[in-house]
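**Student:** Take this structure, written in structure tokens, and hold onto it; I'll ask about it next.
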Amino acid sequence: LRYKVLTLPSDFVVDTPDGEAALSPRVMYAVRGAAPSGRRHKLGLIPSRGEHGTRTANLITKPGDSVWDISDVEGFRKYAARQWP
């Protein structure tokens, strides 16, 4: 398995079917993928105290996953929009 670590702001808002939801930096979250085809991945957001203004999110996949072919931010945005619409 390989993993990619993403750096995110400690406090941010996400759109959900029930409207916007604020994610607390002190809580762990698992965001399940909803890709229409292929593998659906989970994004694990690790809790932090928020004093540095960032937190990490981990994506763990097999070596052959298409995420490893992405080389820029726009490519990852497209991948993320498909996985976590």
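**Student:** Between 0 and 90 degrees, rounded to the nearest ten: what's the tilt of helix 73-83 against the longest Cα principal axis of the chain?
**Tutor:** Between helix and principal axis, roughly 90 degrees.
**Student:** What are the trypsin sites (Lys or Arg not before Pro) within segment 10-46 that DSSP puts in a loop, where the Cβ has at most 15 other Cβ atoms within 10 Å?
**Tutor:** Passing both the DSSP loop test and the Cβ count: Arg26, Arg39, Arg40.
**Student:** Within the chain, report the GluC sites (Glu not before Pro) that DSSP leaves as loop and that have at most 11 other Cβ atoms within 10 Å.
**Tutor:** Glu51
**Student:** To the nearest 20 debye, what charge dipole does the chain have about its Cα centre, counting +1 at the Cβ of each Lys and Arg and -1 at the Cβ of each Asp and Glu?
**Tutor:** Roughly 420 debye, rounded to the nearest 20.
**Student:** Right, another one. Round to a whole number: what % of the accessible area of the chain belongs to carbon and sulfur, probe 1.4 Å?
**Tutor:** 53 percent
**Student:** Just the accessible area per residue of the chain, please: how many Å² with a 1.4 Å probe?
**Tutor:** I get 72 Å² per residue for this part.
**Student:** For Leu23, what charge total do you get from the other residues with a beta carbon under 11 Å from its beta carbon, if Lys and Arg give +1 and Asp and Glu give -1?
**Tutor:** 0
**Student:** Could you give the length gained by full extension between Ala57 and Ile70, i.e. 0.36 nm per residue of separation minus their alpha carbon distance, to one decimal place?
**Tutor:** 3.0 nm
**Student:** I've got another one for you. What is segment 41-85 by shape, rounded, prolate or oblate, if you read a ≥ b ≥ c off the alpha carbon gyration tensor as root eigenvalues and call it rounded for a/c under 1.5, prolate for a/b larger than b/c, and oblate otherwise?
**Tutor:** Prolate, because a/c is 1.5 or more and a/b exceeds b/c.
**Student:** Follow-up. Tell me the mean residue ellipticity at 222 nm calculated for the chain from its helices only (DSSP H runs of n ≥ 4, each -39500 (n - 2.57), averaged over every residue, nearest 500).
**Tutor:** -4000 deg cm²/dmol
**Student:** Please compute the length gained on full extension between Ala21 and Ser37, using 0.36 nm multiplied by the number of residues separating them and subtracting their Cα-Cα distance.
**Tutor:** Length difference between fully extended and current span is 3.1 nm.
The values are calculated or read from the model by the stated rules, or taken from the named source; none is laboratory data. Model, not experiment: these values are computed from the prediction. Cβ: placed from backbone, ideal geometry, glycine included. Neighbour counts: every protein chain shown. Note: areas computed on protein heavy atoms with side chains; ligands, DNA, RNA excluded. Shrake-Rupley method; radii C 1.70, N 1.55, O 1.52, S 1.80 Å.
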